């Protein structure tokens with residue numbers, strides 16, 4: 001049977017029922033809306049102001065009423081048929097006649113005028129509310145809904161008091177500061193204009209609800225501590241139907257069931273990773289070590305009081321009781337069982353969260369760590385569900401990078417291990433059962449890899465620091481070849497003489513179809529290829545069809561198709577202006593807040609079908625980097641501060657994608673926690689922090705979902721480019737975790753192609769450097785065997801695609 005028909009012939013064959021397209025179809029749009037509802041988090045509900053009562057009228061305030069942010073910018077953006085903002089949502093759910101028209105028209109006119117002045121969507125300044133409009137709105141209703149929105153994107157980080165966002169003046173073309181116009185203290189905080197608006201509205205209305213339309217963390221103490229604000233909904237960036245999903249929750253059509261995937265602190269400087277975020281463009285010192293997010297706030301002395309809303313927190317319109325808790329421990333596994341009962345008057349879902357506390361021995365440890373979780377089904381009032389959470393005891397091991405117990409090993413230290421069962425990191429109660437280990441146990445013996453050379457110290461559980469050994473830093477710019485120019489680095493595949501259109505069926509000789517048919521082995525096929533063809537295969541190929549992120553393969557002589565890729569993770573991203581729109585799903589952080597792997601599987605399945613229907617075979621998603629601090633511009637693309645939650649949610653999405661024969665590509669491997677100067681910034685972290693925090697989610701998804709490809713990051717890790725790091729790509733990823741897929745660089749990385757191939761990075765995107773590979777081969781710093789291994793991984797990916 002002929003393989004890769006879509007890649008070869010680019011047919012427009014619909015995949016839906018009755019010959020209809022699934023791309024941006026009703027089913028997928030409904031799924032996007034459902035996902036948005038499942039992940040939005042109710043943070044405050046004083047006096048049960050929510051849900052709004054039937055027949056309620058509302059007045060909408062804040063430019064985000066119209067200037068709604070469906071998702072972040074850059075690769076995570078998609079072209080959609082429409083976006084439902086908050087006004088659209090309320091108009092649909094309670095009717096236009098129940099929404100005060102004056103503020104809607106005011107913000108519509110204002111936002112339209114700002115767009116005409118070249119202000120970017122999501123980055124429009126908050127206007128003052130005219131006093132007469134405020135009076136008219138108050139005469140219309142006693143209930144105000146305020147929208148606060150935030151936008152960020154790829155290749156730039158969120159603003160802090162230490163950094164300035166700039167924009168082009170539309171008249172003069174000069175670069176001017178947005179600091180005084182938008183966020184005087186940084187966009188973690190309310191701007192002065194936003195604060196004035198919130199004060200004016202909350203003083204005028206007896207009932208005030210705030211919606212946070214943001215992909216990342218921001219200040220919430222000003223809302224929690226304000227008695228004039230009774231309701232607070234964290235709506236994140238909810239995709240194309242996000243405004244409707246928020247309105248459905250506020251009006252009680254559905255019950256909120258999202259839980260925070262991050263800790264929300266009072267002040268930006270409360271996050272330990274912010275201290276040196278802007279210290280240098282060329283490095284970031286991860287001195288907080290393993291104490292990231294709740295591991296920091298629940299452990300370090302004095303940090304607990306800085307938390308406004310803790311990890312795992314989320315309110316509901318109903319109430320639940322957890323009872324009959326039972327925890328059992330065997331030699332290698334722990335099991336927590338609990339009965340969850342809906343004791344309220346509305347249907348709802350609850351998330352059972354299990355944490356452990358390991359003994360403080362020679363290795364410093366967090367006070368609590370998430371061990372497992374499970375979300376109930378929709379429980380009707382009075383209904384119960386028995387929930388079981390299992391996890392291996394090895395999950396409680398710590399990595400010993402200094403040899404305090406056993407060097408380069410995952411170890412369980414002797415002592416008493418305690419367990420906590422509940423619905424948030426702070427709401428979890430200690431189980432009666434404990435587990436005591438009489439002597440130290442080595443869970444897994446490994447080899448030291450990715451050891452830091454320039455990190456001088458790291459944080460301990462008692463709030464002090466310990467010194468780390470240092471050594472001369474590695475020169476990551478060294479190469480046996482002449483340096484590349486900027487034009488060479490940024491070249492497109494077709495600019496390197498690579499043909500744009502394949503020409504199948506006109507050549508004789510060995511073909512990849514013979515491997516697919518089982519007539520020859522993949523190894524035999526690869527060894528028969530001339531070295532020039534190998535070199536060409538290891539780089540990106542020209543776009544065809546709707547693709548705008550290039551392809552893999554493309555050797556018509558050998559019958560190798562040109563497999564197209566598409567960006568993610570909010571949906572499938574195509575070339576704009578061709579008339580094809582796709583479904584925009586909620587941002588990854590919202591999906592994580594659902595704590596629902598089954599939902600993520602469904603989103604992955606839907607995304608894969610939209611990719612396949614449009615002849616895209618590789619989806620460059622999900623993004624799974626850790627939320628180290630609120631300032632990273634791409635946090636909206638990533639899941640959580642916790643690697644277990646991020647890994648489990650991402651693994652489910654990957655399984656959904658690949659169930660449809662489309663390759664998922666988790667990214668960015670690894671420690672990509674800052675966008676500023678991302679191609680030349682050195683992430684300096686201890687091996688323990690790297691393994692326990694920044695690689696753990698990748699390890700989980702590799703072992704549980706077996707992704708067919710992984711994308712490396714731009715940054716440098718402890719002096720070595722991620723794309724050139726053999727410890728990372730071969731030692732850890734393949735040898736330790738058993739990964740058997742393809743590794744690709746991020747697009748236009750500054751890594752040297754031959755060094756990447758030698759390290760285990762198979763594909764160079766957006767285009768390779770065949771001539772440099774051949775020159776390196778001639779100089780003896782690259783072998784044909786290394787090139788063949790990379791080619792084998794690339795072709796195995798292509799063979800897996802249906």
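Only the coordinates and a few stated rules stand behind these numbers; no lab work does. Everything numeric here is computed off the predicted structure, so don't read it as measured data. Here the Cβ is made from the backbone with ideal geometry for all residues, glycine too, and neighbour counts use every protein chain on show.
Given the peptides 434-440, 104-110, arrange them by the average over their residues of other C-beta atoms within 10 Å, most packed first.
Going from most to least packed, we get 104-110, 434-440.
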Worksheet item: For residue 429 and residue 487, what is the calculated FRET efficiency with R₀ set at 51 Å and r taken between the beta-carbons, to the nearest 0.05?
Response: 0.25
Worksheet item: Percent antiparallel among DSSP beta bridges with both residues in the chain, to the nearest 5?
Response: 65 percent
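Give the calculated FRET efficiency between residue 445 and residue 337 to the nearest 0.05, with a Förster radius of 41 Å applied to their Cβ-Cβ distance.
On the way: r = 33 Å, r/R0 = 0.80.
It comes out at approximately 0.80.
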Worksheet item: For labels at residue 326 and residue 799 in the simple 7 Å Cα→Cβ model, what's the distance in nm?
Response: 4.9 nm
Discussion item. Tell me the angle of helix 643-658 to the major Cα principal axis of the chain, expressed in degrees between 0 and 90 and rounded to the nearest ten.
Written reply: 60 degrees
Worksheet item: Can you put 316, 202, 713 in order, fewest other beta carbons within 10 Å first?
Response: 316, 202, 713
Discussion item. Given N residues in segment 312-447, what is its alpha carbon radius of gyration divided by 2.2 N^0.38 Å?
Written reply: 1.20
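Rounded to the nearest 5, what % of DSSP beta bridges with both residues in segment 43-255 are antiparallel? Don't skip to the answer; put the middle values down first.
On the way: 6 of 22 bridges.
Among the beta bridges of segment 43-255, antiparallel pairing accounts for roughly 25 percent.
Could you sort 415-422, 69-76, 115-122, 39-46 so that the peptide with the highest average Cβ count within 10 Å comes first and the rest follow in order?
69-76, 39-46, 415-422, 115-122
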Discussion item. Angle check, please: helix 192-204 long axis (alpha carbons) against the longest principal axis of the chain (alpha carbons), in degrees 0 to 90, nearest 10.
Written reply: 30 degrees
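Using just the helices of the chain, give the 222 nm mean residue ellipticity in deg cm²/dmol: DSSP H runs with n ≥ 4 each add -39,500 (n - 2.57), and the total is spread over all residues, rounded to 500.
On the way: 20 runs with 189 residues, N = 802.
When only DSSP H runs of four or more count, the value is -7000 deg cm²/dmol.
Could you tell me how many cubic angstrom of Cα convex hull volume segment 43-255 has per residue?
Values: hull volume 26.2 nm³, N = 213.
Residue-normalised Cα hull volume stands at 123 Å³.
Provide the gained length on full extension for the span residue 781 to residue 195, in nm with one decimal, where the gain is 0.36 nm per separating residue minus the Cα-Cα distance. Let's see the in-between values first.
Values: separation 586, 0.36 × 586 = 210.96 nm, distance 5.99 nm.
Length gained, residue 781 through residue 195: 205.0 nm.
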Worksheet entry | Residue-span extension gain [residue 131 to residue 436] - 0.36 nm each, minus C-alpha spacing | 103.2 nm
Worksheet item: How far is helix 597-613 tilted, in degrees, relative to the longest principal axis of the Cα atoms in the chain, given as a value from 0 to 90 rounded to the nearest 10?
Response: 60 degrees
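What FRET efficiency, computed as 1/(1 + (r/R0)^6) with R0 = 45 Å and r the Cβ-Cβ distance, is obtained for residue 113 and residue 474, rounded to the nearest 0.05? Write down the numbers at each step before the final one.
Details: r = 52 Å, r/R0 = 1.17.
Efficiency, rounded to the nearest 0.05: 0.30.
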Worksheet, complete the sentence: Output ordering of 395-408, 2-15 (per-residue mean of other Cβ within 10 Å, highest first) is 395-408, 2-15
